[in-house]
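Here the structure comes first, spelled out in structure tokens, and everything after it is commentary.
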Amino acid sequence: MAKNYHRAAPVSLDVPLISNQEIWMNIALIKQYHENMPRIQAEKFVLNALQRLDLAHIAYKRNPALTDEERFVVLLLRAAMVKDALIIIDRPFKIIPHLKNSNSILQALKKIDDFYTTCHIYDYKWMEEKYGAL
């Protein structure tokens, strides 16, 4: 990780969304600023990504209007926008506290697996049961 710090892509409540920006913009900012992607192209790219996760309807909402699940997916997509992303998910059940297991997290990761290089999930040992056979 030390050699690839520029590819580190955290998913954490400690790296929040920008509350006064629409969701698509929160996600697109990475592509716009790191890859100089034009605004229109970035918006289309993000809308397609949200569609893959059946969440295109939240593109023009803002962070306070999201459910916990939607917020997690937006944080995940934003992280996945980093070129050759090394996604680091920090305590996902802190972001989506009511989930009983990691199934929806793993499904979301699978739907966008071509967007990132690898993903590591970090959590407390006592949360192990929520991860099942991982």
Q: Could you tell me which trypsin sites (Lys or Arg not before Pro) in segment 44-73 are loop residues by DSSP with no more than 16 other beta carbons within 10 angstrom of their beta carbon?
A: 61
(Q) For a quick check of understanding: with a 1.4 angstrom probe and all protein chains in place, what accessible area in square angstrom does residue 30 have, to the nearest ten? (A) 40 Å²
(Q) Given a 1.4 angstrom probe, I'd like the percentage of the accessible area of the chain that is carbon and sulfur, rounded to a whole number. (A) 54 percent
Q | Where only alpha carbons of segment 86-128 are counted, the Rg and the Dmax (Å) | A | 10.7, 31
Q.
Per residue, how large is the accessible surface of the chain? Use a 1.4 angstrom probe and give square angstrom.
A. 58 Å²
(Q) As an exercise, find the ratio Rg/Rh for segment 5-131 from alpha-carbon atoms, using the Kirkwood inverse-distance average for Rh. (A) 0.95
(Q) What FRET efficiency comes out for residue 114 versus residue 8 if R0 is 22 angstrom and r is the Cβ-Cβ distance? Round to the nearest 0.05. (A) 0.70
**Q.** Residue-by-residue Karplus 3J(HN,Hα) for segment 30-40, coefficients 6.51, -1.76, 1.60, Hz, glycine and proline x
**A.** 4, 5, 5, 8, 8, 10, 6, 6, x, 3, 4
Q: Tabulate in residue order the Karplus-calculated ³J(HN,Hα) for segment 99-111, using 6.51 cos²θ - 1.76 cosθ + 1.60 with θ = phi - 60°, rounded to whole Hz; enter x for Gly and Pro.
A: 5, 8, 8, 8, 4, 5, 5, 5, 5, 4, 4, 5, 5
Q: Could you go through segment 50-62 in sequence order and give the Karplus-derived ³J(HN,Hα) for each residue, using 6.51 cos²θ - 1.76 cosθ + 1.60 with θ = phi - 60°, rounded to whole Hz, and x for Gly and Pro?
A: 5, 4, 4, 9, 6, 10, 4, 5, 9, 3, 9, 8, 10
Q | Computed magnitude of the charge dipole of segment 5-131 (debye, nearest 20; Cβ of K, R +1, Cβ of D, E -1) | A | 140 debye
**Q.** Residues with amide H under 5 Å from that of residue 88, placed H, sequence gap 5 or more
**A.** 9, 11, 120
Q: Would you mind computing, in nm to one decimal, how far apart the modelled labels at residue 129 and residue 48 are, each placed 7 Å from Cα along Cα→Cβ?
A: 4.3 nm
**Q.** Values of log10 I(q)/I(0), in the order q = 0.16, 0.22, 0.26 Å⁻¹, for segment 7-52 under a Debye, Cα-only, solvent-free model
**A.** -0.46, -0.84, -1.06
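The values are calculated or read from the model by the stated rules, or taken from the named source; none is laboratory data. What you see is a predicted model, and the numbers here were worked out from it, not measured in a lab. Every residue, glycine as well, gets a Cβ built from its backbone with ideal geometry; the counts of neighbours run over all protein chains shown. For accessibility, only protein heavy atoms count, side chains too; no ligands or nucleic acids. Shrake-Rupley method; radii C 1.70, N 1.55, O 1.52, S 1.80 Å.
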